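Since the structure comes first, as structure tokens, the remarks are kept for the end.
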Amino acid sequence: MITIKVPCSSANIGPGFDVIGLALSIWLEIQVIIEDRSTQAPLNCVITYEGEGAEEVPLSADANLITRTALYVLRCNGQRAFPAETKVHIINPIPLGRGLGSSGAAVVAGVALGNEVGKLGLSKARMLDYCLMIERHPDNVAAALYGGFVGTYLNDLSKEDTERKEIPLSEVLPAPAGGVDTGESPPEPPLGIGHYMKFPWAKELKAIAIIPRFEVATAEARSVLPTSYTRADVVFNLQRIALLPSALGRSPPDAEQIYLAMQDKVHQPYRKGLIPGLPEILQSVTPKSHPGLCGICLSGAGPTILALATDNFDGIAKAILDMFAQKEIKCQWKLLEPAEDGTTVTYS
Ligand SMILES: Nc1ncnc2c1ncn2[C@@H]1O[C@H](COP(=O)(O)OP(=O)(O)OP(=O)(O)O)[C@@H](O)[C@H]1O
Ligand SMILES: N[C@@H](CCO)C(=O)O
């Protein structure tokens, strides 16, 4: 059996919109068995699924984001379908559409799955190129692939590269935007389009994730953002993002410095309409009001709130749960740690 494990991730961490990612300790797991026999299964693949999203995630190989991504990778490399018969069991504890990188983890798992069953021998750097053809912002996928706390960027893509219809764009699923079998092999992704760098992370810092019981689709949370910004707002974020990686790597952490460096004017203010209570929570939970807290932000596209803290985890979580409760929003919360290893593949 081949086992692929991919961590969840929190993108942006305040000012690092589409740039910064932090892999965290909830893992999507894919168990793969190839039975080496003829099969009636479409595309030679049988999917079973347990965990978050079990009621809504499609189980056909050309619709499920993980297997659809794997098919894209296989077809780029001249293989039309999975080897007969491929059994894929998905165990997913990452809540969908909450800002914890469920789609990024699914895309990374799909690329790793295609690489394994197709025996392609892709490096992680090359896998990142494939991931980026599907999920165009590198923050979640680079963190999920490499693990830890990362800074990322994506080369500008040519018009032809962005318009290829074979690419199963994860953000527009389940609409059939692509992934169709044209009978031709899609072109391989351009080489080296993704770049990342791992930053140190202060050992004292843990991540409290407060996860509301409603979904915000990333596509919707991106549609509310402006297409241009004032110079003052761009400079505001650049000034903070320049300091944030050093501030989060320094031991012992300086709570005031981290709190200020996590302020943002590029995405959080525009997403408040999608997340009741967001401005109040971000403004009123501070290192002074809640000792132990170092910084607070929207996780990815939301609605999860990420609070970075060294202590007082229950107290901080309770304060945020209470504020959501005032808006009649129920939540669960989890204490998470950086997942340093990123994506792993084991054989048994
Ligand atoms: N394990 C999975 N298997 C199949 N599809 C998945 C899986 N995880 C996520 N998806 C797909 O991705 C969608 C959620 O992606 P979306 O980008 O909206 O949210 P997210 O990735 O959880 O949040 P964010 O990008 O803000 O961190 C789901 O509705 C589903 O279509
Ligand atoms: N950087 C992305 C992460 C969500 O996938 C956003 O905030 O829209």
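The values are calculated or read from the model by the stated rules, or taken from the named source; none is laboratory data. Please read all numbers here as calculations on a predicted model, not as lab measurements. In this analysis, Cβ positions are derived from the backbone assuming ideal geometry, glycine residues included, and neighbour counts consider all displayed protein chains.
Take the residues in the range 224-238 that are among the β-branched types (Val, Ile, Thr) and part of a helix (DSSP H, G or I); name whichever of them is nearest to ligand 1 (Cβ to nearest atom). I'd like the intermediate steps shown before the answer.
The first filter runs over the range 224-238 and keeps only residues among the β-branched types (Val, Ile, Thr), leaving 224, 227, 230, 234-235.
With the extra rule that they be part of a helix (DSSP H, G or I), the set shrinks to 234-235.
Values: 234: 22, 235: 25 Å.
The qualifying residue nearest to ligand 1 (Cβ to nearest atom) is 234.
Among the listed residues 104, 99, identify the single one that is assigned to a helix (DSSP H, G or I) and either under 28 Å from residue 209 (Cα atoms) or among the charged types (D, E, K, R) (or both).
Details: 99 fails: assigned to a helix (DSSP H, G or I).
Matching residue, one of 104, 99: 104.
Against the definition (touching a Pro at 6+ places or on another chain (Cβ under 6 Å), of a type outside the set (Lys, Arg) and near ligand 1 (Cβ under 8 Å from one of its atoms)), how does residue 92 come out, yes or no? Talk me through it step by step, then tell me what you get.
Working: touching a Pro at 6+ places or on another chain (Cβ under 6 Å): no; of a type outside the set (Lys, Arg): yes; near ligand 1 (Cβ under 8 Å from one of its atoms): yes.
For residue 92, the condition - touching a Pro at 6+ places or on another chain (Cβ under 6 Å), of a type outside the set (Lys, Arg) and near ligand 1 (Cβ under 8 Å from one of its atoms) - is not met.
Does any residue of the range 91-107 turn out to be farther than 16 Å from residue 53 by Cβ, buried (at least 24 other Cβ atoms within 10 Å of the Cβ) and assigned by TED's automatic domain parsing to the domain that holds residue 6? Let's see the steps before the verdict.
Step one: filter the range 91-107 for residues farther than 16 Å from residue 53 by Cβ, giving none.
Within the range 91-107, none of the residues are farther than 16 Å from residue 53 by Cβ, buried (at least 24 other Cβ atoms within 10 Å of the Cβ) and assigned by TED's automatic domain parsing to the domain that holds residue 6.
Quick test of your reading of the structure: residue 251 fulfils all but one of (1) farther than 23 Å from residue 288 by Cβ; (2) in contact (Cβ under 8 Å) with a residue 12 or more places away in the chain. Name the failing condition by number.
(1)
Before we move on, is residue 17 surrounded by fewer than 24 Cβ atoms within 10 Å (Cβ to Cβ), part of a loop (DSSP other than H, G, I, E, B), aromatic (Phe, Trp, Tyr) and outside the structural domain of residue 282 (by TED's automatic domain parsing)?
Details: surrounded by fewer than 24 Cβ atoms within 10 Å (Cβ to Cβ): yes; part of a loop (DSSP other than H, G, I, E, B): yes; aromatic (Phe, Trp, Tyr): yes; outside the structural domain of residue 282 (by TED's automatic domain parsing): yes.
Yes: the conditions hold for residue 17.
Cβ-Cβ under 8 Å, sequence separation 6+ or interchain: first residue in the range 191-219 and within 16 Å of ligand 2 (Cβ to nearest atom), partner among the basic types (Lys, Arg). Which pairs?
209/334; 211/98; 211/334; 212/98; 212/330; 215/98; 216/98; 216/271
Examine the range 39-47 for a residue that is in a strand (DSSP E or B) and either away from ligand 1 (no atom under 11 Å from the Cβ) or in contact with an Asp or Glu (Cβ under 9 Å, 6 or more places away or on another chain) (or both), and state whether such a residue exists. Spell out the reasoning first.
Pass one, the range 39-47, residues in a strand (DSSP E or B): 45-47.
With the extra rule that they be either away from ligand 1 (no atom under 11 Å from the Cβ) or in contact with an Asp or Glu (Cβ under 9 Å, 6 or more places away or on another chain) (or both), the set shrinks to 45-46.
Yes.
Are there any strands (runs of 3 or more DSSP E) wholly within the range 239-348 with 3 or more residues that are more than 16 Å from ligand 1 (Cβ to nearest atom) and surrounded by fewer than 17 Cβ atoms within 10 Å (Cβ to Cβ), and if so which?
On the way: elements: 293-298, 305-309, 331-336, 344-347.
Correct list: 344-347.
Would you check if residue 78 is without any contact (Cβ under 8 Å) to a residue 24 or more places away in the chain and over 19 Å from the mean Cα position of the chain (by Cα)? Explain how you work it out, then say what you get.
Details: without any contact (Cβ under 8 Å) to a residue 24 or more places away in the chain: no; over 19 Å from the mean Cα position of the chain (by Cα): yes.
Criteria not met by residue 78.
So which helices (runs of 4 or more DSSP H) stay within the range 113-163 end to end and still have 2 or more residues that are touching a Phe, Trp or Tyr at 6+ places or on another chain (Cβ under 9 Å)?
Numbers: elements: 124-134, 138-146, 159-162.
It comes to 124-134, 138-146.
Select from the range 24-43 the residues that are buried (at least 20 other Cβ atoms within 10 Å of the Cβ) and more than 16 Å from residue 112 (Cα to Cα) and write down the one among them that is farthest from the chain's Cα centre (by Cα). If you could, list the steps in order and put the result at the bottom.
So in the range 24-43, the residues buried (at least 20 other Cβ atoms within 10 Å of the Cβ) come out as 24, 26-28, 30, 32, 43.
When the remaining residues are screened for being more than 16 Å from residue 112 (Cα to Cα), the result is 24, 26, 43.
Numbers: 24: 10, 26: 11, 43: 27 Å.
Residue satisfying both the conditions and the ranking: 43.
So is residue 80 more than 21 Å from residue 146 (Cα to Cα) and surrounded by fewer than 16 Cβ atoms within 10 Å (Cβ to Cβ) or not? Let's see the steps before the verdict.
Details: more than 21 Å from residue 146 (Cα to Cα): yes; surrounded by fewer than 16 Cβ atoms within 10 Å (Cβ to Cβ): yes.
In short, yes.
Taking residue 220 and the conditions (1) farther than 26 Å from residue 278 by Cβ; (2) at pLDDT 85 or above, which numbered condition does it fall short on, given that it satisfies the others?
(1)
If residue 51 passes every condition in (1) surrounded by 22 or more Cβ atoms within 10 Å (Cβ to Cβ); (2) modelled with pLDDT of 95 or more; (3) within 22 Å of the chain's Cα centre (by Cα) but one, which one does it miss?
Among (1) surrounded by 22 or more Cβ atoms within 10 Å (Cβ to Cβ); (2) modelled with pLDDT of 95 or more; (3) within 22 Å of the chain's Cα centre (by Cα), the lone unmet condition for residue 51 is (1).
Could you please tell me which pairs satisfy a Cβ distance under 8 Å, a separation of 6+ or placement on different chains, a first residue in the range 3-26 that is closer than 14 Å to residue 209 by Cβ and within 9 Å of ligand 2 (Cβ to nearest atom), and a second residue that is assigned to a loop (DSSP other than H, G, I, E, B) and modelled with pLDDT under 95?
11/137
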